[in-house]
Amino acid sequence: MSEMTDLTGRPGQPGLFRRNATRLVALALILGLFGFARLPTLPAAQRQALAGRFAFARTPLATPAGLRLDRTVREVHPGLKDIASWVSSVGAAVALNDLDGDGLPNDLCSVDTRLDKVLVQPAPGTGARYPLFVLDPSPLAYDARTTAPMGCLPGDFNEDGRMDLLVYYWGRPPIVFLRRDDAGPLSAASFRPLAVAPGNQIWNTNALTSADVDGDGHLDLIVGNYFPDGMRVLDAKATDGAHMHRSMSRSENGGKKHLLLWKGGTSGHEPTVEFVDVENAFDPQTTWSWTLAVGAADLDGDLLPEIYFGNDFGNDRLLHNLSTPGHPRFAVLEGRRTFTTPTSKVLGHDSFKGMGVDFADVNGDGIPDLYVSNIAQNYALEESHFVWVSTGDLKSMRRGVAPYADQGETLGLSRSGWGWDARFVDFDNDGVPEAIQAVGFMRGEKNRWPELHELAMGNDNNMNHPAAWPHFWPGDDLSGHLHDPFFVRARDGRYYDLAAEMGFDDAHVSRGLAIADVDGDGRLDFAVANQWETSWFFHNASPHAGTWLELVPRLPALEGRSRPAVGAEVAVTLPDGRRRVAQVDGGSGHSGKRAPEVHFGLGSLNPATPLRVDVRWRDGQGRPRATTLRLTPGRHTLVLGAPAPPQLPQTAAGKDLVKPAAATAATGKAG
């Protein structure tokens, strides 16, 4: 038998070749996996060219004069004091809407956590139409020592044609501030505060949206509480117990989900509205999860909104709406796993953090897709943001299957940081939405990720006990030095973060994102609510705005006025036959609220081109309705439900081709 030799020909080492070969294979595998894990990049010239399509003027939101703005933590329950900064990490919020009735969504309602107050003011640059004011909950019982606002949702809740404001809190149930019929500029006295549930309860709400859940033609409220109902989270003198999540991946010991069905309302100087809290509206897992985001949109085309709950430390939940008027009913939808799909990439089976949700048709099939924020930061909790893209198999929803697959990684949107609100917005009107996110958690100088990793890898039984958590105090840092990404889709189909090229890469700790075209110029603007720091408004001054169609669907209200047609669905058919769809949103997300309008970027389309516009909605009696219009690009207010007059001849771009039944006076100009 011949003697074996190594690679150099020396005898006596028969395993050396095998060992070297194994090492080479391992090295090749490591290098291959490294290349697979790395995100694709764009050349600098292409990045600059993409960024050059956008421009924004940034203005800070005003605050009341004479108040201190240096607070960075709240007083909390004695059992939570060692994690006070963690508990104090939410509350910043912002909404854009038309509060003063001038026809444009140019009013801001925001929560500044440094003050724990709800501020109302005109959007910067839209005129000093009224002075900044603070919403006043008196004469309702309100203890500022143990209560803090978490968000502001505009809506016409008593259906009188005037916009109201619904504020949700930690420490008590939400309060709706109903607009009085008094004349004069907006002020705190313009609103009457009313509790939407008995005020002696303690709710800790972090997500709230409105939608016609049961299909009766009226707006209902979907309330996502975080800490358990009854827990005195912000009471530094509390003597009852306090606990945290049950586990890192399946926590179902949190705040209750409430469904408040609309029962009636009146207008006048002392307006009223009534909601009924539906007992056992949702299944137990949905009911007791720790919710940070909630969204509602019709996914199957029946004009009933499905509901998505984004849950912390547990499975998100998508509910198929099977309700009838006065009788809400839901079925849980879950995705199906394939051989190559990780469990947490299956809708309804994730163990991530669920902190934002938005809807848009990303793949152009006419079905809304979902953009969901989690934690996705290098060297932190490397989870993944989701982009649940429709498979088109809507019939499978009848079998309890969610017809969605995550394409966040393929689209380039799966990674950024500790995410909160996430929005798809077409800022340059090219017909392809950009994606923006609010990111960051707790800013300081001492990196506490190693300690949080220890908690995450430890026994789940530790999670429930605040004393087993690492200390999180002022000065500690968790993802506190990130920038809010601004993703733009390139020709290769992927999204790339161009915040640095646009001058947006300064670090912030952000929470809410509000979207609206505040001046009717066809370019969507946005506001960002930051935690424990100044919040900002971004006015869109993009040099290449393109052609656009902006619709404001409304329903008849009292005394000839109208109210937002939340849930109305709009489809625009382009000359080449492609269809674009959108729905009027009632407040989906974490703590940012977009205006109840729909916007379509039309690229280089001739602004005089008439377009087919199909609108579907439920009227005030809950009956499904539909109409088809011919509109030219521009801004149009659509008053739905009146008898349609004969079609009028085409007029200049940006004007309406039909009158009150479908489109009243246009505002703004074509692109």
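The values are calculated or read from the model by the stated rules, or taken from the named source; none is laboratory data. All of these numbers come straight from a predicted model, not from anything done at the bench. Every residue, glycine as well, gets a Cβ built from its backbone with ideal geometry; the counts of neighbours run over all protein chains shown. We work out accessible area using only protein heavy atoms, side chains counted, and drop any ligands, DNA or RNA first. Shrake-Rupley method; radii C 1.70, N 1.55, O 1.52, S 1.80 Å.
Which residues, taken from the range 392-434, are part of a strand (DSSP E or B) and among the aromatic types (Phe, Trp, Tyr)?
Hits for the range 392-434 are TYR404, TRP418, TRP420, PHE424.
Contact list please: Cβ distance under 9 Å, first residue in the range 208-223 and modelled with pLDDT of 95 or more, second residue of a type in the set (Lys, Arg) and open to solvent by less than 10 Å² (accessible area, probe 1.4 Å), pairs at least six apart or on different chains.
From residues that are modelled with pLDDT of 95 or more, the pairs are THR209/LYS593; ILE222/LYS257; VAL223/LYS257.
Suppose we filter the range 105-121 for residues that are of a type in the set (A, V, I, L, M) and surrounded by 23 or more Cβ atoms within 10 Å (Cβ to Cβ); how many remain?
Looking only at the range 105-121, we keep the residues that are of a type in the set (A, V, I, L, M), and these are 108, 111, 115, 118-120.
Keeping just the survivors that are surrounded by 23 or more Cβ atoms within 10 Å (Cβ to Cβ) gives 108, 111, 118, 120.
Matching residues across the range 105-121 total 4.
Go through the range 146-198 and report how many residues are farther than 28 Å from ASP235 by Cα, of a type in the set (Gly, Ala, Ser) and at pLDDT 95 or above.
Result for the range 146-198: 5.
If only one of LEU555, LEU551 is among the hydrophobic types (A, V, I, L, M, F, W, C), at pLDDT 95 or above and open to solvent by less than 10 Å² (accessible area, probe 1.4 Å), which one is it? Don't jump to the end; show me each part of the working.
Numbers: LEU555 fails: open to solvent by less than 10 Å² (accessible area, probe 1.4 Å).
Sole residue among the options that is among the hydrophobic types (A, V, I, L, M, F, W, C), at pLDDT 95 or above and open to solvent by less than 10 Å² (accessible area, probe 1.4 Å): LEU551.
Where residues in the range 16-64 are within 30 Å of GLY444 (Cβ to Cβ) and modelled with pLDDT of 95 or more, which of them is most open to solvent (accessible area, probe 1.4 Å)?
ARG58
Suppose we filter the range 469-495 for residues that are within 25 Å of ALA242 (Cβ to Cβ), outside any loop (DSSP other than H, G, I, E, B) and open to solvent by 50 Å² or more (accessible area, probe 1.4 Å); how many remain?
Residues of the range 469-495 that are within 25 Å of ALA242 (Cβ to Cβ), as a first pass: 469-480.
Add one more test, that the residue is outside any loop (DSSP other than H, G, I, E, B), and what stays is 475-478.
If we keep only those that are open to solvent by 50 Å² or more (accessible area, probe 1.4 Å) too, we end up with none.
The number of residues fulfilling the criteria is 0.
Picking from ASP277, ASP240, ASP220, ASP229, which residue would you name as being surrounded by fewer than 22 Cβ atoms within 10 Å (Cβ to Cβ) and closer than 26 Å to VAL566 by Cβ?
Details: ASP240 fails: closer than 26 Å to VAL566 by Cβ; ASP220 fails: surrounded by fewer than 22 Cβ atoms within 10 Å (Cβ to Cβ); ASP229 fails: closer than 26 Å to VAL566 by Cβ.
From the options ASP277, ASP240, ASP220, ASP229, the qualifying one is ASP277.
Which residues, taken from the range 139-161, are more than 23 Å from GLY264 (Cβ to Cβ), open to solvent by less than 30 Å² (accessible area, probe 1.4 Å) and in a loop (DSSP other than H, G, I, E, B)?
As a first pass, look at the range 139-161 and keep what is more than 23 Å from GLY264 (Cβ to Cβ): 141-152.
Adding the requirement that they be open to solvent by less than 30 Å² (accessible area, probe 1.4 Å) leaves 146-152.
Answer for the range 139-161, where residues must be more than 23 Å from GLY264 (Cβ to Cβ), open to solvent by less than 30 Å² (accessible area, probe 1.4 Å) and in a loop (DSSP other than H, G, I, E, B): THR146, THR147.
Which one of SER251, SER267, SER190 is surrounded by 18 or more Cβ atoms within 10 Å (Cβ to Cβ), without any contact (Cβ under 8 Å) to a residue 12 or more places away in the chain and more than 22 Å from LEU304 (Cβ to Cβ)? Lay out the reasoning, then the answer.
Numbers: SER251 fails: without any contact (Cβ under 8 Å) to a residue 12 or more places away in the chain; SER267 fails: without any contact (Cβ under 8 Å) to a residue 12 or more places away in the chain.
Criteria check complete, one pass: SER190.
How many residues are in contact with a Lys or Arg (Cβ under 9 Å, 6 or more places away or on another chain) and open to solvent by less than 50 Å² (accessible area, probe 1.4 Å) when one looks only at the range 318-331? Steps first, please.
So the first thing to find is which residues in the range 318-331 are in contact with a Lys or Arg (Cβ under 9 Å, 6 or more places away or on another chain), and the list is 320-323, 331.
From what is left, the residues that are open to solvent by less than 50 Å² (accessible area, probe 1.4 Å) are 320-321, 323, 331.
Selection size over the range 318-331: 4.
Say whether the condition of being open to solvent by less than 30 Å² (accessible area, probe 1.4 Å), touching a Phe, Trp or Tyr at 6+ places or on another chain (Cβ under 7 Å) and among the small types (Gly, Ala, Ser) is met by at least one residue in the range 515-524.
Within the range 515-524, one or more residues are open to solvent by less than 30 Å² (accessible area, probe 1.4 Å), touching a Phe, Trp or Tyr at 6+ places or on another chain (Cβ under 7 Å) and among the small types (Gly, Ala, Ser).
If you check PRO466, PRO403, which single one turns out to be over 20 Å from the mean Cα position of the chain (by Cα), more than 29 Å from PHE330 (Cβ to Cβ) and surrounded by fewer than 24 Cβ atoms within 10 Å (Cβ to Cβ)? Give the steps one after another, and end with the answer.
On the way: PRO403 fails: more than 29 Å from PHE330 (Cβ to Cβ).
Going through PRO466, PRO403 in turn, the sole match is PRO466.
Tally the residues that are assigned to a loop (DSSP other than H, G, I, E, B) and out of contact with any Lys or Arg (no Cβ under 9 Å at 6 or more places or on another chain), restricting the search to the range 181-195. Step through it out loud before you land on a result.
Here is the first cut: in the range 181-195, the ones assigned to a loop (DSSP other than H, G, I, E, B) are 181-187.
Among the residues that remain, those that are also out of contact with any Lys or Arg (no Cβ under 9 Å at 6 or more places or on another chain) are: 182-184, 187.
The total comes to 4.
Those residues that are open to solvent by 30 Å² or more (accessible area, probe 1.4 Å) and among the aliphatic types (A, V, I, L, M), I need them from the range 332-380; list them, please.
Result: VAL332, single match.
Test of understanding: among GLY412, GLY440, which residue is in contact with a Pro (Cβ under 8 Å, 6 or more places away or on another chain), touching a residue at least 60 places away in the same chain (Cβ under 8 Å) and buried (at least 18 other Cβ atoms within 10 Å of the Cβ)?
Details: GLY440 fails: in contact with a Pro (Cβ under 8 Å, 6 or more places away or on another chain).
Only one candidate passes the filter, namely GLY412.
Taking the range 525-555, which residues are over 25 Å from LEU611 (Cα atoms) and part of a loop (DSSP other than H, G, I, E, B)?
GLN531, TRP532, GLU533, THR534, SER535, ALA541
Out of (1) free of Cβ contacts under 8 Å to residues at least 60 places away in the same chain; (2) assigned to a loop (DSSP other than H, G, I, E, B), what's the single condition that is false for GLU451?
(2)
Quick one: is PRO124 in contact with a strand residue (DSSP E or B) (Cβ under 6 Å, 6 or more places away or on another chain) and open to solvent by 10 Å² or more (accessible area, probe 1.4 Å)? First the steps, then the outcome.
Numbers: in contact with a strand residue (DSSP E or B) (Cβ under 6 Å, 6 or more places away or on another chain): yes; open to solvent by 10 Å² or more (accessible area, probe 1.4 Å): yes.
So PRO124 fits the description; yes.
Can you tell me which of ALA507, ALA529, ALA545 is open to solvent by less than 30 Å² (accessible area, probe 1.4 Å) and closer than 26 Å to LEU119 by Cα? It would help to see each step written out before you state the result.
Numbers: ALA507 fails: open to solvent by less than 30 Å² (accessible area, probe 1.4 Å); ALA545 fails: closer than 26 Å to LEU119 by Cα.
When all the criteria are applied, what remains is ALA529.
Would you pick out the residues in the range 576-608 that are open to solvent by 30 Å² or more (accessible area, probe 1.4 Å), of a type in the set (S, T, N, Q) and touching a residue at least 60 places away in the same chain (Cβ under 8 Å)? Write out each step before concluding.
Here is the first cut: in the range 576-608, the ones open to solvent by 30 Å² or more (accessible area, probe 1.4 Å) are 576-581, 583, 594, 597, 599, 604-608.
When the remaining residues are screened for being of a type in the set (S, T, N, Q), the result is 583, 604, 606.
Correct list: GLN583 only.
Run down LEU549, LEU640 and say which single residue is at negative phi, over 24 Å from the mean Cα position of the chain (by Cα) and of a type outside the set (S, T, N, Q). Before the answer, list the steps.
Details: LEU549 fails: over 24 Å from the mean Cα position of the chain (by Cα).
Result of the check over LEU549, LEU640: LEU640.
Restricting to the range 279-319, what's the tally of residues that are among the aliphatic types (A, V, I, L, M) and more than 16 Å from THR209 (Cα to Cα)? Lay out the reasoning, then the answer.
Keep residues of the range 279-319 that are among the aliphatic types (A, V, I, L, M), which gives 281, 292-294, 296-297, 299, 303-304, 307, 318-319.
Among the residues that remain, those that are also more than 16 Å from THR209 (Cα to Cα) are: 299, 303.
Number satisfying all stated conditions: 2.
Please verify whether the range 136-152 includes one or more residues that are in contact with a helix residue (DSSP H, G or I) (Cβ under 8 Å, 6 or more places away or on another chain) and touching a residue at least 24 places away in the same chain (Cβ under 8 Å). Before you say what the answer is, go through the steps one by one.
Restricting attention to the range 136-152, the residues satisfying the condition of being in contact with a helix residue (DSSP H, G or I) (Cβ under 8 Å, 6 or more places away or on another chain) are 136.
After this cut, where a residue has to be touching a residue at least 24 places away in the same chain (Cβ under 8 Å) as well, the list is 136.
Looking through the range 136-152, at least one residue is in contact with a helix residue (DSSP H, G or I) (Cβ under 8 Å, 6 or more places away or on another chain) and touching a residue at least 24 places away in the same chain (Cβ under 8 Å).
Would you check if there is a residue in the range 396-419 being farther than 21 Å from ARG491 by Cα and among the acidic types (Asp, Glu)? Please lay out each step first, then the result.
Just the residues of the range 396-419 that are farther than 21 Å from ARG491 by Cα, to begin with: 396-405, 417-419.
In the following step, the residues that additionally are among the acidic types (Asp, Glu) were identified as none.
So far as the range 396-419 goes, no, none of its residues is farther than 21 Å from ARG491 by Cα and among the acidic types (Asp, Glu).
Name the single residue that is nearest to HIS258 (Cα to Cα) among those in the range 299-311 being open to solvent by 10 Å² or more (accessible area, probe 1.4 Å) and in contact (Cβ under 8 Å) with a residue 24 or more places away in the chain. Even if it seems obvious, please write down each step before you answer.
At the first step, the residues of the range 299-311 found to be open to solvent by 10 Å² or more (accessible area, probe 1.4 Å) are 300-305.
Now drop any that are not in contact (Cβ under 8 Å) with a residue 24 or more places away in the chain, which leaves 300-301, 303-305.
On the way: ASP300: 23, GLY301: 25, LEU303: 21, LEU304: 18, PRO305: 16 Å.
Among those that are open to solvent by 10 Å² or more (accessible area, probe 1.4 Å) and in contact (Cβ under 8 Å) with a residue 24 or more places away in the chain, it is PRO305.
Is there any pair with a first residue in the range 331-351 that is in contact (Cβ under 8 Å) with a residue 60 or more places away in the chain and a second that is among the acidic types (Asp, Glu) and assigned to a helix (DSSP H, G or I) whose Cβ atoms are under 9 Å apart and which are 6 or more apart or on different chains, and what are they?
Partner pairs satisfying both residue conditions: LYS345/GLU409.
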